[in-house]
Structures are given as C-alpha cells and as structure tokens.
Amino acid sequence: MASIRFDKLGKRYGDTEIIKNLAFDVKDGEFMVFVGPSGCGKSTVLRMIAGLETISSGELWIGDRVVNEVHPKDRDIAMVFQSYALYPHMNVYDNIAFGLKIRKMPDAEIRKRVSDAADLLGLQQFLDRKPKALSGGQRQRVALGRAIVRNPSVFLFDEPLSNLDAELRVQMRAEITKLQRRLNTTTVYVTHDQVEAMTMGQRIAVLSAIKSGSTLDTNLMQCGTPMDLYDRPDNVFVARFIGTPNMNIVPAQLSEDGTSLSVLGGSMPVSEQFRQAAQAMRGRPVLLGIRPEHIGSPHEVDWPLVQPVQGQVEMVELLGHEAIVHFRVGEQMVIGRLHSHGRLPVPGDTVTMNLKCEAIHLFDPETELRLR
Ligand SMILES: Nc1ncnc2c1ncn2[C@@H]1O[C@H](COP(=O)(O)OP(=O)(O)O)[C@@H](O)[C@H]1O
Ligand SMILES: [Mg+2]
C-alpha cells in the first residue's frame, strides 16, 4: 500500500497549461475520487500518476519516493479504463492472468490469484469464455480482475462505469466500493459524475479546467469528504457541481448595517452564524446559495426560521418520492422541493415556498469564495 502526494504538480502542452499547482495528498488505503467537468484534466492527472504522461513541473510522490522519472512498470500501479481493453482472442482466465504471465510469475501462483479474483468477482463460471460472450458488467469485472491479481499498491480508475447502462452502473458502483474497502488498496477514481463521486469516495477532489486568461491558480477547487463538500462548499463552482438538482445561486444585497439580506423580492434577517461574514460585506451585493431541499412548502416543513418566497411555477418534475418545482421569481429561476403526495402545483400557478434561513450559503460575487 502507499500514499500519493501531489506537490505543486503541473502539466503543459506547448503554451497550454492543463494542470496547474495541484497540491494534495491521497492517504494510504484511501478511496479518493477526482471529479470535474469533461476536459478539466482528470485523465491527464491519472496518466501522470501511472507514468503514461510526463510531468512538466512539481513532484509526484508515491509512498516515500519521488516517481517523476520512474518507469510505469516500476510504479506498482494497476489501471482500469473506461474501454475495458480486454484481449478479444483470449478467454477470461487468460485476460486476467496476462499481466502476471508477462511478469513471469510461477503458474501455480497465477492459478491461485486468478481463482481468488474470480471468486471475489463472481467470475468462476465464465473463466473459459471469450469477452464477446460476456455482458458489459461481466467485462468490466474481468478488467477489475486483471487489476486485482497484480496486487498493486495503487489502483487507478478512469471513468470505468461510463459504458454501462444506468442500473448496472449503480450495481458496479457498490461492488467497486465494497471491493476497495475490503482490499484497502489506495485508489484514485476519476469520474465526471458527481453522484458516483458522492457515493464512492472517502474523499473527493473537485477539479476545474484552467482557462486561458483565467485567474484560477490551480485546478483543485476543493478536497474533502463528500459531506464537507456538500455542506461547506468553498466556492460557487463546488456548490453548483455537487448535489442534484443544483444549488440555487441567486443575487442578494446586504443592508448597510449588515444585519439583513434582500433576496428574491423579500428581506430576511442574517442569522447568527453569518453575522461576522455579513459585517465584512455590509452594504454590498453577495451571492446567496440555497439547496432545493431547503426550499419547501409552508405546509410540509417546520423550520424555525424561514423566509417566504413567491413565484410562478414553470415546471414540476415528479420523481416518485418527491417533486422538484421550478419557479420564477422576477427574472430569477428557483428550484424547490415538495412531497409528491401532497397537492402539486401546475405550470402557471403562483406558489409561496419557505426558504430555510439557517441553510443558506453566502459567496463573494467577485471571488466566488464562500463567506465564513
Ligand atoms: N496530447 C495533448 N495535447 C494537447 N492537449 C491535450 C492533450 N491531451 C489532452 N489535452 C487537453 O488537456 C485537457 C484535459 O484533458 P483530459 O485530462 O483528457 O480531461 P478529462 O479527463 O478531465 O476529460 C483537455 O482540454 C484536452 O484537450
Ligand atoms: Mg478523461
């Protein structure tokens, strides 16, 4: 097992900086998820860890050594890709055993390892089959098996579930998570799907793209446990990226004395927890963040401190256990949540929803950083 340390890691292609100042640690045995929009550099970072991509600046540590110049095969890493990259002419056994054979491991040891992995992954009865006679989920398991038998210090996963249908994705998500907890192998898992990130990661690193002319000085927007990111997003990017539906981010204005906020056509007192931050920004515009589950019907919620918000319903999405209500307040679209078994509004209705005052987040509109 091994920890991984990114020490101001950078990657450029010519003049284009893809990765900038990436600095954080993955702990020994930890399941770390990299999540971010497509093109933000997730695969590039993973390939740098694997040694498939050179490092332009900074140091990459695996365990107690800097591996910038270490050959991929000497990094003791196993990688699982989105395309399972199985050999079509080999059966499952040979696909799983392949990496061990080229490392010239004794046959008996190979048989034992493949058999153990096949038990773990429920593949025993498929060992003689060719990949084309397997379902997508089974192929993905074979790719996992090939990584597991190597018994590496680090697993790297690059969007391994993207090719599976929704149901199988949920199932494999749980299987990979259980497997990792059982093996306790340090894991970096890349995905663009925040639900995968939330459900699988012990910690999550949210990455964003460095755009040319951007003021961002790193791709790393925040790193923390799933609930850290959900409850205390450092910035608007993370606030919007984590959680579905997205957090509402609406313009608001602090009063001259910093004790009240005008927002969504009303005025609400600033609760105790934000007093200090609000004082620092008094008289100024701010961005207010509020999750849809913290905007509900006055008949359904009993929050101690609420702010009524009135608007016109544009759309209602019925999800079974709940209904997501999209309504317009002036120019601003707002998303709230209702129990689906109550009386539901229809488009065109005027609704009054209650906003839970303690659940708001405040952000500086210029830096987009959270006020605290
Ligand atoms: N060989 C390359 N030359 C130039 N740009 C590249 C190269 N490989 C990747 N990129 C760019 O690097 C960025 C990050 O790519 P990638 O790591 O694949 O993102 P992600 O996996 O997050 O979708 C993208 O904008 C991509 O166009
Ligand atoms: Mg990628």
How much length is gained if the chain between R372 and H321 is pulled fully straight, taking 0.36 nm per residue apart and subtracting their Cα-Cα distance, in nm to one decimal?
15.0 nm
Would you be so kind as to identify which of Y189, P131, L261 lies farthest towards the positive end of the dipole of the chain, taking Lys and Arg as +1 and Asp and Glu as -1 on Cβ and the Cα centre as origin?
P131
Please report Y84, Y189 as a ranked list, fewest other C-beta atoms within 10 angstrom at the top and most at the bottom.
Y84, Y189
Reduced to Cα centres, the span from the range 294-372 to the range 203-222 in Å works out to 30 Å
Expected unfolding gain across E300-E314 under the 0.36 nm per residue rule, minus the alpha-carbon gap, is 3.0 nm
Reachable lysines from K130, Cα under 21 Å, same-chain residues fewer than 8 places away excluded?
K101, K112
Please order R181, R75 by the number of other Cβ within 10 Å, starting at the fewest.
R181, R75
Percent antiparallel among DSSP beta bridges (both partners in the chain, rounded to 5):
75 percent
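Determine, for each peptide in 237-249, 158-170, 46-58, the mean count of other beta carbons within 10 angstrom over its residues, then list the peptides with the highest first.
Put in order of decreasing packing, that is 237-249, 46-58, 158-170.
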Quick one: which residues, 5+ away or cross-chain, put their amide H under 5 Å from the amide H of G258? H built at 1.01 Å from N.
G283
Taking 7 Å along the Cα-to-C-beta vector as the label spot, tell me the E167-E358 distance in nanometres, rounded to one decimal.
4.1 nm
For the range 248-363, the dipole about the Cα centre with charges only on Cβ (Lys and Arg +1, Asp and Glu -1), to the nearest 20 debye, works out at 200 debye
Assign unit charges at the C-beta atoms only (+1 for Lys and Arg, -1 for Asp and Glu), then state the dipole size of the chain relative to its Cα centre in Debye, rounded to the nearest 20.
1340 debye
Given the rule -39500 (n - 2.57) for each run of at least 4 DSSP H residues, summed and divided by the residues of the chain, what is its mean residue ellipticity at 222 nm, to the nearest 500 deg cm²/dmol?
-7000 deg cm²/dmol
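FYI, it's all coordinate maths here, none of it is from the lab. Every value quoted in this text rests on a predicted model; they were computed, and no experiment measured them. Glycine gets a Cβ as well: all are built from the backbone with ideal geometry, and neighbour counts include every protein chain shown.
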